[in-house]
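The values are calculated or read from the model by the stated rules, or taken from the named source; none is laboratory data. No experiment lies behind these values; they were computed from the predicted model shown. Note that we place each Cβ from the backbone using ideal geometry, even for glycine, and neighbour counts take in every protein chain shown.
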Amino acid sequence: MSGTVRTVPSRRPGLVDLQVNGFAGHDVNDDDVSAEVVVELTRALWREGVTRYLPTIVTAGEEKILRALRAVARAREADEHVAASIAGVHVEGPALSAADGARGAHDLEHLRDPDPDELDRWQQASGGLVRIVTLAPERTGSAAYVAAARERGVLVSVGHTAATADVVRAAASAGASLATHVGNGCQATLPRHPNHLWAILAEDRLTAMLIADGHHLPADTLTAMIRAKSPERCILTSDSAALAGRPPGDYRTPVGGAVTVGDDGRLTLAGTSLLAGSGRSLRACLDWARATLPFDGDTLLAMATRNPARVLGIEEMVRGDVVELEPDDGTARVVATTVAGREVFRA
């Protein structure tokens, strides 16, 4: 008797992504973002095995940030499964470096110094959903802001910075505990030493978020960074954008304006080599990391599951999050996703 041998799906913990700007055409930073957009984004991420995530709102005028925060809050109110998946919000900016390269795709017009009162307005609009704020610690008032954020239960991440090593260490002393997409959002040319990258890698109080999409960091660089920080102090994020998965070509987006999708899925500001977010989901990033980096699969998986859950303090909550995977042409195809013990997706 002969027949096709069916592979039994493997079960893995759900992925936890701390930086999601958008995915599959759904954009948290669209000028007209709605609760429905956030709901559809969440469902698209379930199909990628992401069970918990932080919608990430980038630098903008305050009213636009408040509008996006309200949309996320309404999406959670509209669907209990979506509410379970959205573990908070990551606000990336607006207190970032204005320097070319360090600023990345963030709008220069809306960069400003950090203000604890503005943070309070964000929390009021969202019902306390802001969990992470990324800032450049060289901005005026940053140390006081870090302390104020920690008092409010908000984590502060160092990123998009041209800070000196001393300023990075001072931010950690004030209470900063994360570093956003280390190796990206910095000037194209840095002194060999000292510079803020060495300081971030050497600072044990900072857990590094790293984009493993194959575009943001070369494999050797990412490998060296993980070894320097130790896998326990590293988190894989996608930094995915709404253009993730779109065909090659030129597009207009709310973040960055004119953005080019390359043949390999790389997203860049049109006419430049500057990246404009990632074109891969966290699942696809994990596939690339497994195929490319010299770390075992369990170590890499922990950086996309256990480590980010620990940072958010939701280890117990994610115990009911399961993803069923089936090998498909060398990648891990998601066949089912369960959030908090309830199946939310099946292929």
Going through region 106-125 in order, the residues found to be over 23 Å from Ala143 (Cβ atoms) and in contact with a strand residue (DSSP E or B) (Cβ under 6 Å, 6 or more places away or on another chain) are none
Take Ala179 and tell me if it is more than 25 Å from Val20 (Cβ to Cβ) and touching a strand residue (DSSP E or B) at 6+ places or on another chain (Cβ under 9 Å). no
Scan region 160-178 residue by residue and report those that are on the phi > 0 side of the Ramachandran plot and either touching an Asp or Glu at 6+ places or on another chain (Cβ under 8 Å) or surrounded by 21 or more Cβ atoms within 10 Å (Cβ to Cβ) (or both). His160
Identify, please: which residue in region 1-25 is surrounded by fewer than 22 Cβ atoms within 10 Å (Cβ to Cβ) and in a strand (DSSP E or B) and is, among those, modelled with the highest pLDDT? Pro13
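In region 29-57, which residue that is assigned to a loop (DSSP other than H, G, I, E, B) and closer than 16 Å to Gly277 by Cα is farthest from the chain's Cα centre (by Cα)?
Restricting attention to region 29-57, the residues satisfying the condition of being assigned to a loop (DSSP other than H, G, I, E, B) are 29-34, 47-49.
From what is left, the residues that are closer than 16 Å to Gly277 by Cα are 29-30.
Details: Asn29: 14, Asp30: 17 Å.
The qualifying residue farthest from the chain's Cα centre (by Cα) is Asp30.
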Of all residues in region 29-44, which are surrounded by 23 or more Cβ atoms within 10 Å (Cβ to Cβ) and farther than 13 Å from Val82 by Cβ? Asn29, Val33
It is to be established whether one or more residues within region 316-337 are touching a Phe, Trp or Tyr at 6+ places or on another chain (Cβ under 7 Å), of a type in the set (A, V, I, L, M), over 27 Å from Val58 (Cβ atoms) and outside any loop (DSSP other than H, G, I, E, B). yes
Per the filter on region 309-327, residues surrounded by 15 or more Cβ atoms within 10 Å (Cβ to Cβ), touching a helix residue (DSSP H, G or I) at 6+ places or on another chain (Cβ under 6 Å) and either among the charged types (D, E, K, R) or farther than 27 Å from His160 by Cβ (or both) are Val318
When region 257-282 is checked residue by residue, the ones that are under 17 Å from the mean Cα position of the chain (by Cα) and not in a strand (DSSP E or B) are Arg266, Ala276, Gly277, Gly279, Arg280, Ser281, Leu282
Can you tell me which of Val335, Val318, Val323 is touching an Asp or Glu at 6+ places or on another chain (Cβ under 7 Å) and more than 16 Å from Pro231 (Cβ to Cβ)? Val335
Taking Thr292, is it among the polar types (S, T, N, Q), in contact with a helix residue (DSSP H, G or I) (Cβ under 9 Å, 6 or more places away or on another chain) and at pLDDT below 95? no
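Condition check ((1) buried (at least 20 other Cβ atoms within 10 Å of the Cβ); (2) at pLDDT 95 or above; (3) β-branched (Val, Ile, Thr); (4) in contact with a Ser or Thr (Cβ under 8 Å, 6 or more places away or on another chain)) across all residues:
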site: Ala228; (1), (2), (3), (4): no, yes, no, no
site: Ala244; (1), (2), (3), (4): yes, no, no, yes
site: Gly249; (1), (2), (3), (4): no, no, no, yes
site: Asp263; (1), (2), (3), (4): no, no, no, no
site: Ala276; (1), (2), (3), (4): yes, no, no, yes
site: Asn307; (1), (2), (3), (4): yes, yes, no, yes
When you look at His106, is it at pLDDT below 95 and not charged (D, E, K, R), yes or no? yes
Could you figure out which of (1) surrounded by fewer than 23 Cβ atoms within 10 Å (Cβ to Cβ); (2) assigned to a helix (DSSP H, G or I); (3) not aliphatic (A, V, I, L, M) isn't true of Cys285? (1)
Region 204-240, residues that are polar (S, T, N, Q), assigned to a loop (DSSP other than H, G, I, E, B) and over 27 Å from Leu269 (Cβ atoms): Ser230
Is it the case that some residue within region 45-67 is within 17 Å of Gly320 (Cα to Cα), among the polar types (S, T, N, Q) and buried (at least 22 other Cβ atoms within 10 Å of the Cβ)? yes
